[in-house]
Amino acid sequence: MKVLHCRDAGFDCDAIVRGVTADEILAQVRPHAAEVHDTEVTPELEAGLLTLIKEDA
């Protein structure tokens, strides 16, 4: 299982997204970013987010 903490992406947000693959995580992140942060996940942002996805301990 992989995990992405929204706070690691620079947002003041406690959301944690989990998925089996990075694509699953990004699929959940896109609507979260739009609805909660009024932010579009651009290709540049996506590339940065991919570097923040870690294996869940």
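We did not get these values from a lab; they are worked out from the coordinates using the rules stated. The shown structure was predicted, so the numbers you read here are calculated from the model rather than taken from an experiment. Glycine also receives a Cβ, built like all others from the backbone with ideal geometry; neighbour counts cover every protein chain displayed.
All conditions in (1) part of a helix (DSSP H, G or I); (2) buried (at least 16 other Cβ atoms within 10 Å of the Cβ); (3) free of Cβ contacts under 8 Å to residues at least 24 places away in the same chain hold for Val17, with the sole exception of (1). For region 20-56, the set of residues classified as outside any helix (DSSP H, G or I) and exposed (fewer than 14 other Cβ atoms within 10 Å of the Cβ) consists of Val20, Thr21, Asp38, Glu40, Thr42, Lys54, Glu55, Asp56, listed by residue number.
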